[in-house]
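Dumping the structure here so I can ask a few things about it.
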Amino acid sequence: MIKVSAPGKLMLFGEHAVVHGRPCIVTAIDARMRVFLKKRGDNKIITNVPDLNLKNYIISIEDLDKPYAKEIKFVLTAIKNFFEKYQIKSGLPPLPKFWCGGLEIETKSEFPMRFGLGSSSAVTVATIRGLSKIFGIKMKNKELFDLSYKTILDIQGVGSGFDLAAAIYGGTLYFVTGGKVIKKIEIRNIPVIVGYTGIKADTATLVKMVNRKLKENPEKINKIFDEIEKIVNQAKIEIENQNWKKVGELMNLNQDLLRKLGVSSKELENLIEASLNSGAYGAKLSGAGGGDCMIAIAQKENLNNVKRAIEKAGGQIIDLKTSAQGVILE
Ligand code: MEV
């Protein structure tokens, strides 16, 4: 039995603009997705996802091309792409280069998948890393990134891949679309507060909405992206300097631009306003918007005040640590 784990993520700066060639800053969080893998003697893939009540979901290796249950599509698409890339086949002799009977896979998440904290990216990365161990294939981090990115694009059609980079490399990263730049930012723990709105957002729908706006009004939207890029570059320096007051101010500026993109929501605004009114240095949505989570930065002495204010405004505080370790075999 092989056991792999990969961290979830928290977007700090630059969402949406990063889909369009700009940088963002993402941090890996200390909540992990675990994947357990075992080879089987027959040609079946048996999957279990207890967190989503999926028990003993069985398909044959030959059926990897067919549609599967949505709870398991990232794992099975990852297997399909891995088998295709490394020409792993199941069948009768003469045996192909790699012989695969079947697989047994179980996934377990330390964080509820509805929070939008990167469960899909973490499970994709952990599955491919586990397969590379099972089949004795060495994969460099960038190869792992590229195959995971293909998997996400096959399923969602859109995305920058920032969440995969967090799952693979860990830490806090300066990241440019598709992994063109992946740079570690030297910082241990960022004093960030995370509030969940209670509303599940659909990333692909929001990304497509911004794409439409960009098509309709490229000059205006590109200008917003350019301004976000400047904020991200400044935020990288201020995070390295641990100047949290400045980081907070930059969050507020980033949030103004996200409002202009039309991706904020009433629920996010309520939590953001509550944090600012209780003395946070800054606050913004984190991720695609439309719901999911918001983040705030505050002085150490004020952290509990801000948390209480977010809860009073209807948010759920998610306690987590940033800059966690990337994917590992456990
Ligand atoms: C979603 O968490 C962040 C977006 O920038 C999409 C992406 O980068 O893939 C909106």
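The values are calculated or read from the model by the stated rules, or taken from the named source; none is laboratory data. All values derive from a computational prediction rather than experimental measurement. When we count neighbours, we look across all protein chains shown, and the Cβ atoms used for this are built from the backbone with ideal geometry, even at glycine.
Would you confirm whether or not region 315-325 contains a residue that is touching a residue at least 40 places away in the same chain (Cβ under 8 Å) and over 19 Å from PRO112 (Cα atoms)?
There is at least one residue in region 315-325 that is touching a residue at least 40 places away in the same chain (Cβ under 8 Å) and over 19 Å from PRO112 (Cα atoms).
Something else about it: Can you tell me which residue in region 276-305 is farthest from the chain's Cα centre (by Cα), limited to those that are crowded, with 23+ Cβ neighbours inside 10 Å and charged (D, E, K, R)?
Restricting to residues being crowded, with 23+ Cβ neighbours inside 10 Å and charged (D, E, K, R), the top hit is LYS284.
Tell me, yes or no, whether region 143-154 has at least one residue that is over 16 Å from THR77 (Cα atoms), buried (at least 16 other Cβ atoms within 10 Å of the Cβ) and in contact (Cβ under 8 Å) with a residue 24 or more places away in the chain.
For region 143-154, residues over 16 Å from THR77 (Cα atoms), buried (at least 16 other Cβ atoms within 10 Å of the Cβ) and in contact (Cβ under 8 Å) with a residue 24 or more places away in the chain: absent.
What are the residues in region 179-194 that are within 16 Å of the ligand (Cβ to nearest atom) and crowded, with 18+ Cβ neighbours inside 10 Å, if any? Steps first, please.
Filtering region 179-194 for residues within 16 Å of the ligand (Cβ to nearest atom) gives 179-182, 192, 194.
Selection gives GLY179, ILE182, VAL192, VAL194.
Residues LEU303, LEU320, LEU268, LEU276: which one is of a type in the set (A, V, I, L, M, F, W, C) and more than 24 Å from ALA31 (Cβ to Cβ)? Before the answer, list the steps.
Values: LEU303 fails: more than 24 Å from ALA31 (Cβ to Cβ); LEU320 fails: more than 24 Å from ALA31 (Cβ to Cβ); LEU268 fails: more than 24 Å from ALA31 (Cβ to Cβ).
It is LEU276.
OK, next. Is there any pair linking a residue in region 196-218 that is closer than 11 Å to GLY289 by Cα to one that is charged (D, E, K, R) and assigned to a helix (DSSP H, G or I), with Cβ under 6 Å and at least six apart or on different chains, and which?
Taking only residues 6 or more apart or on different chains, the pairs are THR197/GLU267; ILE199/GLU267; LYS200/ARG114.
Yes/no matrix, rows are residues, columns are (1) more than 23 Å from GLY170 (Cα to Cα); (2) touching a residue at least 12 places away in the same chain (Cβ under 8 Å); (3) touching a Phe, Trp or Tyr at 6+ places or on another chain (Cβ under 9 Å):
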site	(1), (2), (3)
PHE36	no, yes, no
GLY41	yes, yes, no
LYS44	yes, yes, no
ILE72	yes, yes, yes
LYS80	yes, yes, no
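Further question: Does ASP63 qualify as being more than 29 Å from GLU330 (Cβ to Cβ), more than 16 Å from the ligand (Cβ to nearest atom) and not polar (S, T, N, Q)? Don't jump to the end; show me each part of the working.
Details: more than 29 Å from GLU330 (Cβ to Cβ): yes; more than 16 Å from the ligand (Cβ to nearest atom): yes; not polar (S, T, N, Q): yes.
Yes, satisfied.
Moving on. For region 266-289, how many residues are closer than 13 Å to LEU12 by Cβ and within 15 Å of the ligand (Cβ to nearest atom)? First the steps, then the outcome.
The initial filter retains those residues of region 266-289 that are closer than 13 Å to LEU12 by Cβ, namely 282-287.
From the residues that got through so far, the ones that are within 15 Å of the ligand (Cβ to nearest atom) too are 284-287.
Number of matching residues: 4.
Next up: Condition test on VAL263, is it away from the ligand (no atom under 16 Å from the Cβ), touching a residue at least 60 places away in the same chain (Cβ under 8 Å) and not acidic (Asp, Glu)? Before the answer, list the steps.
On the way: away from the ligand (no atom under 16 Å from the Cβ): no; touching a residue at least 60 places away in the same chain (Cβ under 8 Å): yes; not acidic (Asp, Glu): yes.
Criteria not met by VAL263.
Is region 132-139 home to any residue that is closer than 22 Å to GLY178 by Cβ and surrounded by fewer than 22 Cβ atoms within 10 Å (Cβ to Cβ)?
Initial filter on region 132-139 (closer than 22 Å to GLY178 by Cβ): 132, 139.
If we keep only those that are surrounded by fewer than 22 Cβ atoms within 10 Å (Cβ to Cβ) as well, we get 132, 139.
Looking through region 132-139, at least one residue is closer than 22 Å to GLY178 by Cβ and surrounded by fewer than 22 Cβ atoms within 10 Å (Cβ to Cβ).
If you don't mind, there's one more thing I want to ask. Right, GLU62: touching a Leu at 6+ places or on another chain (Cβ under 6 Å), without any contact (Cβ under 8 Å) to a residue 60 or more places away in the chain and not assigned by TED's automatic domain parsing to the domain that holds GLN234 or not? Lay out the reasoning, then the answer.
On the way: touching a Leu at 6+ places or on another chain (Cβ under 6 Å): no; without any contact (Cβ under 8 Å) to a residue 60 or more places away in the chain: yes; not assigned by TED's automatic domain parsing to the domain that holds GLN234: yes.
No.
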